[in-house]
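Read the structure below first, then the notes.
The values are calculated or read from the model by the stated rules, or taken from the named source; none is laboratory data. Everything quoted here is computed from the prediction, not taken from an experiment. Methodologically, a virtual Cβ is constructed for each residue, glycine included, from the backbone with ideal geometry; neighbour enumeration extends over all protein chains shown.
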Amino acid sequence: MPRSRSARRLTPVALLLPLVLALPACGSDPAAPEDPGTGTAGGAFPVTVTGDDGELTLDARPETIVSMSASATEMLFAIGAGEQVEAVDSTSDFPADAPTTDLSAFTPNAEAIAGYSPDLVVLSDDVNGVVDALDALAVPTLLLGAADTLDESYAQIEVLGGATGHAEEAADVVAGVQDRITAAVASVPDSAQGMRVYHELDPGFYSATSDTFIGAVYDLFGLENVADGAADPAGGYPQLSAEYVVGQAPDLVVLADTVCCGESAETLAQRPAFDTVPAVQEGRVLEADDAVASRWGPRTADFAEALAAELRG
């Protein structure tokens, strides 16, 4: 398929945390599709969409998609493009019927990806120059790096809708997520404003600041993120210490390491000095699903609703 790129290419730098995240050093905002079509299988093509790697023109609706991004996989299935997805990477474990393979998003192999004869590959990171390698094999690619804001996540859903012939479905998904998050925020009493939250990515006290996607969700609820005070923000994902977290006295703890690492409200309370933390004393510990709390996709609404329920007590 004919392809054009803008002269400037944005290449996110990934920092991998255990089984959870691929973290970008920069967050570009992919533009909405220039010609997203009608949102159905008969949508208007050719269509040109823009990702972090520039413009991509698709002459016809892609029917053999490979997703190398767990978040993109969730988006594709949510907008009704699941039947067009031929293969997904090893971390794409949702929805259950996603065609998971042993393709690695962390160490991608262009030849292995091309082996599926895709007419579209969606990635969240340009690891080891995989985009150029796929270009050399004449494989169309769409790079959509990790979102830093909800608006960036919504834009990616719309880009994928345009690229796959599901623009209307994508718009509906975005509207639905927005409505659910708005309702979740509105359901929380004003007394929750200013509560201090500690978000835990792993037991090594890696966290996320307000400059991250998950941090943006906490901002909507008016919460104060204890990670914002870290001496080294580390691109939005600092490593804190037990002493620091205890000293910050968070009113809410969100554990996003329940699946990977078996953490729970019980194990948290057993840590030295954590029995003095207000969140532990008052039972405000949200045991989140790692993937739901870490992926910038439609299930962000699930996370917002779980957070609201915890804040309502």
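Which of the residues belonging to region 242-259 are touching a strand residue (DSSP E or B) at 6+ places or on another chain (Cβ under 9 Å), hydrophobic (A, V, I, L, M, F, W, C) and either in a helix (DSSP H, G or I) or in the same structural domain as Thr91 (by TED's automatic domain parsing) (or both)? Quick ask: steps written out before the conclusion?
First, the residues of region 242-259 that are touching a strand residue (DSSP E or B) at 6+ places or on another chain (Cβ under 9 Å): 245, 248-258.
Those left that are additionally hydrophobic (A, V, I, L, M, F, W, C): 245, 249, 252-256.
Scanning region 242-259 gives a single hit, Val245.
Selection over region 128-150 of residues that are modelled with pLDDT of 95 or more and farther than 30 Å from Ala304 by Cβ gives a count of 13.
Kindly evaluate Ser104 against the criterion of being closer than 21 Å to Glu152 by Cα and modelled with pLDDT of 95 or more. In short, no. Checking every residue in region 144-151 against the condition of being surrounded by fewer than 20 Cβ atoms within 10 Å (Cβ to Cβ), of a type outside the set (Lys, Arg) and touching a Cys at 6+ places or on another chain (Cβ under 7 Å) gives zero matches. What is the number of the single condition among (1) under 24 Å from the mean Cα position of the chain (by Cα); (2) at pLDDT 95 or above that Gly235 does not meet? That leaves (2) as the condition not met.
Residues of region 172-184 include none that is surrounded by fewer than 22 Cβ atoms within 10 Å (Cβ to Cβ), over 18 Å from Ser71 (Cβ atoms), of a type in the set (Lys, Arg) and touching a helix residue (DSSP H, G or I) at 6+ places or on another chain (Cβ under 6 Å).
Residues in region 268-313 that are hydrophobic (A, V, I, L, M, F, W, C), assigned to a helix (DSSP H, G or I) and under 27 Å from Ala175 (Cβ atoms): how many?
Taking region 268-313 and keeping what is hydrophobic (A, V, I, L, M, F, W, C), we get 268-269, 273-274, 277, 279-280, 285-286, 288, 291-293, 296, 301, 303-304, 306-309, 311.
Checking the rest, the ones that are also assigned to a helix (DSSP H, G or I) come to 268-269, 274, 279-280, 291-293, 301, 303-304, 306-309, 311.
Checking the rest, the ones that are also under 27 Å from Ala175 (Cβ atoms) come to 291-293, 301, 303-304, 306-309, 311.
Within region 268-313, residues that are hydrophobic (A, V, I, L, M, F, W, C), assigned to a helix (DSSP H, G or I) and under 27 Å from Ala175 (Cβ atoms) number 11.
Residues are listed down the side, and each one gets a yes or a no for (1) touching a Gly at 6+ places or on another chain (Cβ under 7 Å); (2) crowded, with 24+ Cβ neighbours inside 10 Å; (3) among the hydroxyl-bearing types (Ser, Thr, Tyr):
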position: Ile79; (1), (2), (3): yes, yes, no
position: Gly82; (1), (2), (3): no, no, no
position: Pro95; (1), (2), (3): no, no, no
position: Ser104; (1), (2), (3): no, no, yes
position: Ala110; (1), (2), (3): no, no, no
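From the set of residues in region 280-303 that are among the small types (Gly, Ala, Ser) and within 13 Å of Val197 (Cβ to Cβ), which is surrounded by the fewest Cβ atoms within 10 Å (Cβ to Cβ)? Here the answer is Ala288.
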